[in-house]
Amino acid sequence: MKTLKPLSFEEANVDSQAIFTNVKSKIGMVPNLYAAMGVSDKLLGGFLNFTETLKSGKFSNKEYEAIALATSQANDCAYCLSAHTALGKMNGFTEEETIELRTNSIADQKLNALVSLVSEVVESKGHPAENTVQNFLGAGYTKAAFAELIGAVALTTITNYVFHNGGFEIDFPKAQGTENLLTTY
C-alpha cells in the first residue's frame with residue numbers, strides 16, 4: 001500500500017499551503033515529492049530548512065548533487081535519481097557523469113572519494129570503513145564536511161523513503177538505468 005500521496009493545494013493544511021506557495025514561487029512548480037511530504041508541514045518545512053542550511057556548508061552545488069545521486073542509487077530511488085540527474089546537469093554534470101557518480105566510477109578522484117564514502121555510509125547503515133573515510137579526508141575534505149555528508153545522506157534518504165512509500169509519478173525526465181526501479185515501488 002502506498003500511504004503518502006501528493007496533496008493538492010486544497011487538500012493541504014494552511015502551513016503546507018504556505019510552503020507550497022513558496023516552493024512554487026522559487027522553482028515554478030511543487031514537485032510531487034514535496035506535495036507528498038506536505039502531509040506534514042513539519043516534515044516538509046524542516047526538510048527544506050535543513051536542506052537550505054546544508055547547501056550553505058562545505059559542499060558545492062555539484063558535490064551536493066553527487067551526494068544525492070550516490071545516496072539515491074544506494075537506496076534504489078528512481079524518483080530522486082531522476083530529480084538529481086536533472087539538477088546535476090543544471091549544475092554542470094553531463095548525463096554520463098551522473099551515471100558515473102551513481103556507480104562510484106567518476107574519473108575525478110575527489111568526487112570519487114566523495115561518492116564512494118556516500119555509498120558506503122548508506123550501505124553500511126552509517127558505519128563506513130576507516131580507509132574510506134581517510135580517502136575522503138585525504139582528497140581534501142574536512143571533518144566538518146564529513147559531518148555535513150552524514151546530514152546530506154540523511155536528507156536524501158528521507159526523500160527516498162517518502163517516494164518508496166508513495167510510488168507517485170516522477171515529474172522529472174526519467175534518469176537512465178531506472179527502468180527496473182520504476183516498477184519496484
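The values are calculated or read from the model by the stated rules, or taken from the named source; none is laboratory data. Predicted model only: the values in this text are computed from it and were never measured. Methodologically, a virtual Cβ is constructed for each residue, glycine included, from the backbone with ideal geometry; neighbour enumeration extends over all protein chains shown. Surface areas here come from the heavy atoms of the whole protein model, side chains and all, with no ligands, DNA or RNA. Shrake-Rupley method; radii C 1.70, N 1.55, O 1.52, S 1.80 Å.
Annotations
- Number of the condition not met by Ala107 [criteria: (1) open to solvent by 60 Å² or more (accessible area, probe 1.4 Å); (2) in a helix (DSSP H, G or I); (3) modelled with pLDDT of 95 or more]: (2)
- The requirement of being under 28 Å from Pro6 (Cα atoms), at pLDDT 95 or above and of a type in the set (Gly, Ala, Ser) is fulfilled nowhere in the stretch 134-147; no residue meets it.
- Residue ID - surrounded by the most Cβ atoms within 10 Å (Cβ to Cβ), chosen from residues in the stretch 33-55 that are more than 13 Å from Thr159 (Cα to Cα) and of a type in the set (Val, Ile, Thr): Val39
- For the stretch 143-152, the count of residues that are part of a helix (DSSP H, G or I), over 19 Å from Lys62 (Cβ atoms) and touching a Ser or Thr at 6+ places or on another chain (Cβ under 7 Å) is zero.
- Checklist (1) open to solvent by less than 40 Å² (accessible area, probe 1.4 Å); (2) within 15 Å of the chain's Cα centre (by Cα) applied to Tyr161, failing item: (1)
- Which listed residue is of a type in the set (Gly, Ala, Ser), on the phi < 0 side of the Ramachandran plot and exposed (fewer than 13 other Cβ atoms within 10 Å of the Cβ), from Ser16, Ser60: Ser60
- Residues in the stretch 87-104 that are surrounded by fewer than 21 Cβ atoms within 10 Å (Cβ to Cβ) and β-branched (Val, Ile, Thr): Thr94, Ile99, Thr103.
- Contact map, the stretch 14-33: first residue under 13 Å from Asp171 (Cα atoms), second residue assigned to a helix (DSSP H, G or I) and open to solvent by less than 40 Å² (accessible area, probe 1.4 Å), Cβ cut-off under 6 Å, separation 6 or more or different chains; pairs are Val30/Phe20; Val30/Val23; Leu33/Thr159.
- Count of the stretch 102-122 residues which are at positive phi and touching a residue at least 40 places away in the same chain (Cβ under 8 Å): 0
- Hey, Thr98 part of a helix (DSSP H, G or I), touching a Gly at 6+ places or on another chain (Cβ under 6 Å) and not hydrophobic (A, V, I, L, M, F, W, C) or not: yes
- Matching option when the condition is part of a loop (DSSP other than H, G, I, E, B), within 20 Å of Ala147 (Cα to Cα), modelled with pLDDT of 95 or more and of a type in the set (A, V, I, L, M, F, W, C), among Phe59, Phe50: Phe59
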